[in-house]
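Throughout, read-outs are computed from the coordinates displayed, never taken from laboratory work. Source: prediction; values computed, not measured. Cβ placement follows ideal geometry from the backbone for every residue including glycine, while neighbour counts extend to all protein chains displayed.
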Amino acid sequence: MLVSFAGGILAVHKILPLGHGFILALFFSIAICLVAIPFLSPRIRFYSIILIFFLTGALLGQGKRHPSRLIPLANLHKSVVIEGTVLDPPKIIDGKRAKINLRAQELILKGDAVPIDEDIVVTVYSHTPGLEAGDKIRFPARLRPFKNFNNPGNYNYEEAMRLKGLTCSASVSDGRRIVPMGPGHLPFLRGLIEAIQKPVRDLFKEQLNARNFALFRALILGERHGLNPVLREPFNKTGLGHMLAVSGLHIGLVAWAAFFLFKWVLSRSYRLALEIDLRKMSAFLTAFPVIGYTLLAGFQVSSQRAMIMILAFLGSLILGREREVWSTLALAGLIILFLDPNALFSISFQLSFMAVIGILWLIPLILDKFHYPDNSQQVRMSILNRLLAYFTGLVAVTVSAMVFLLPITCYYFHRISLVSIPANLTTVPILGMWVIPLGLLSAITVPFSSTVASFFLHLGAWGLNKMMAIIEFWSHIPWSSIWTVTPNIFEIFLFYSFILCIFFFKHRKWAKIGVALIATLILSDVAYWVYQVRFNRDLEVTFLDVGQGNAALISFPGGKKMIIDGGGFSSGSFDVGKMVVAPYLWHKKISQIDYMVLSHPQTDHMNGLRFIAKVFRPKEFWYNGDEVETEAFRDLMAIIEAGKIKTLLPSDLRDGIEINGVRVNILHPDPDGKPLILEKDGKWLNNNSLVLKIAYRGKTFLFPGDLEIPGEEVLVSNAGEMVKSDILLSPHHGSKTSSSKEFLEMVRPGICIISSREGNPTNFPHQTVLDRLRDMGCRVIRISRSGAVEIIVGKDRFKVRTFLEEKGP
């Protein structure tokens, strides 16, 4: 039933049409099946029930599609006035900006007030006022739609925001323009949760340092607002990132502790032990702390799903069906998907559900190898042996979950922790037996005595400090984690098929044939990618979508790779190299870069290269020699020095180089040519950009960085006819201060690629540049509309393809 229901949801998202007519057809089909069931034979009845679940999944998967008043305005980047209620405490980023989840309730446009009911994300760039959940505010803002970086292997940000129920984003340049309007109206459940959380949050803030405050908020209240990248990194490196989201681990620990506590208390009464089933009563009572903890943790999506799964298992115990774990798990999955069909596409649902499948499936095999004692044997064991049995079970759980989730974690996070097992063994007991219990005791006692609550909290903080010391120890080991290439859907299917065949290998003939077939397919897949990455004979140039910036990958014949610029944003909170460029490289199964090129040290070209330099270990770094006093530039040069990466300047490359038949020349700045005469400011950095020309089999590419008209004049004066190129990356993102008529007439490109963000504040590309290019008969490709652009030059072939064209409309 679960598989059929999920199949219906998946089909309606990927295959089946949408619309009122289709919904009516689904509804009548379900009704016909329900009416016919009593008259069908048992075998046909079974298939009819399965069909009903499939059709119901497709029906519910359509979702509620209310028309939005904000999305059309966001697509036009309109400035409006919005009034609404703050849903959660603001999340402070970089100590300056703040993100606020808001229930927008009134839209004021051109003096007219329109009632609305949509959730949006508000970004305040400076002077963030002190706001709390439940505050009503009014403010002017510019609306923007959520936008993806359209590259192969990208994270679907638009879909993630839609699944969270968020309509669009709104930006407020100055928080002093936000007007408080008194208390607002929170939804009932959200208001109840905030009333429970606020005194606990206030106690945590008053009693704890900044780090422990952020961690206790995450572990007890489910609020991850204060978890900056620096704090998250040790958890990610050690495979303990799951600790930071209140989910199955946390609620499972609470359920486990509550169940045995209730059972121990009830067993003190001889009369109760005779009259009732202590296990069933303990399971019933355990449901209350599980629900209570879920409410205290903000009733977040991940905690809701964990609560449903644990309540389903407790229910099976009450009904005496605890041995039917697979049916119980399937029932929990059905309930979750019935309440929220979109959960099927969320990372948290996939991870938690697959982890439980792996634990249920693989643990018996692992414990069998260790001759793990059953419950009756454990009663007669010494304390030392019980501890050994406990840690053996913990190892089995960790290994089962880690192995079964391996392809999914690689697909979403591109990282494997090599210290996950010892890290879990040494931290989960502290978390489950000390930090969470004392944190919950502190939260429970807040209404009665702040002194007692503080006592429990400081005891918990002591354990948290010890746990963090252990996590930092494991994370500082150089090989604690490795970055991995991204498996595709076919490879993930092969992985789980292989596990299935191994499971039945001894007892089923088809499993032996399956192992041989899957092993052959795996070897073929590896051979295909090795050829594509290392022995491909074509030149492939990919211009990536990095928003308002530049980044391009050059794949040379024979396998060498060059990255030219890495994109970046002025704020340090979003790493374009890690979140945009690297996922594309991993998607293409690229794990090392040979040449890293920086055109000039400005954020939209440079910031993304820091992660690339650290993780992809380039052999050479080319740049123009300009230095700037920014943290990003210092970080980049420190990484290059620490990695012992060879640094080359234009004077080292004056004769150009040839890489497997591809000619690469540096045209600007020319150490032997006419110098650039400008003051050394931002204009200098642009006009002194490193300019590369790449030529192969009669096709040429020109990468001019952010050259403006003075730099173009110097380039043309020094290089002359050498600037003639078939494909031009538009200088300075299509600015009217670049791409002069004289420069374009010298280059005479057939194709011009423009890399700039749609709706950017500078309005790049300027219409003047577009008109000049089109008057020349040049094909203009705007990455903001086409997505990543891949150009392939091979023997007797020249191909241009864009990411959004490949995906279809």
Simple SL model, points at 7 angstrom along Cα→Cβ for LYS96 and LEU360; separation in nm is 5.0 nm
Suppose only helical runs count, i.e. DSSP H with n ≥ 4. What mean residue ellipticity at 222 nm does that imply for the chain under -39500 (n - 2.57) per run, divided by all residues and rounded to the nearest 500 deg cm²/dmol? -15500 deg cm²/dmol
Give me the net charge of VAL515's neighbourhood, meaning all other residues with Cβ under 14 Å from the Cβ of VAL515; Lys, Arg count +1, Asp, Glu -1. +4
Could you tell me what a quarter of the Cα convex hull surface of the range 1-98 works out to, in nm² with one decimal place? 11.0 nm²
Take each complete run of DSSP H in the chain, measure how far its Cα atoms stretch along the helix's own axis, and keep only those covering 30 Å or more with mean Kyte-Doolittle hydropathy at least 0.0; list them. 347-369, 383-413, 450-475, 509-534
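By the gyration tensor of its Cα atoms, with a ≥ b ≥ c the square roots of the eigenvalues, what is the shape of the range 69-157: rounded for a/c under 1.5, prolate for a/b over b/c, or oblate?
Details: a/c = 1.88, a/b = 1.13, b/c = 1.66.
Oblate, since a/c reaches 1.5 and b/c is not below a/b.
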Take LEU51 and LEU388, extend 7 Å from each Cα along the Cα→Cβ direction, and tell me the distance between the two endpoints in nm. 5.9 nm
To the nearest 20 debye, the chain has a Cα-centred charge dipole, built from +1 on Lys and Arg Cβ and -1 on Asp and Glu Cβ, of 2180 debye
Charge-dipole axis of the range 376-518 as Lys and Arg at +1 and Asp and Glu at -1 on Cβ define it, positive-most pick from PHE505, PHE473, THR392: PHE505
The range 21-177: Cα Rg divided by the 2.2 N^0.38 Å rule of thumb: 1.47
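Report the FRET efficiency, 1/(1 + (r/R0)^6), for ARG508 and TRP326, where r is their Cβ-Cβ distance and R0 is 25 Å, rounded to 0.05. List each step's numbers first, then the result.
Values: r = 19 Å, r/R0 = 0.74.
The value I calculate is 0.85.
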Charge dipole magnitude, Cβ of K and R +1, D and E -1 - the range 689-787, Cα centre, debye nearest 20: 440 debye
Inter-label distance for ARG785 and VAL3, nm, one decimal - labels placed 7 Å from Cα along Cα-to-Cβ: 4.6 nm
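From the Cα gyration tensor of the range 379-442, with a ≥ b ≥ c the square roots of its eigenvalues, which class applies: rounded if a/c is under 1.5, or else prolate if a/b is larger than b/c, or else oblate? Mind dumping the intermediate values first?
On the way: a/c = 2.97, a/b = 1.45, b/c = 2.05.
Judged from the Cα gyration tensor, the range 379-442 comes out oblate (a/c at least 1.5, b/c at or above a/b).
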Classify the chain as rounded, prolate or oblate from the Cα gyration tensor: take a ≥ b ≥ c as the square roots of its eigenvalues, call it rounded if a/c is under 1.5, otherwise prolate when a/b beats b/c and oblate if not. prolate
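What is the gain in length, in nm to one decimal, between ARG162 and ILE522 on full extension, counting 0.36 nm per residue of separation less the C-alpha to C-alpha distance? Don't skip to the end; give the middle numbers.
Values: separation 360, 0.36 × 360 = 129.60 nm, distance 3.55 nm.
Working it through step by step, the gained length comes to 126.1 nm.
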Take the Cα radius of gyration of the range 258-363 and divide it by 2.2 N^0.38 Å, with N its residue count; two decimals is plenty. 1.19
Interchain or long-range residues, amide H under 5 Å from CYS168's placed H: VAL121
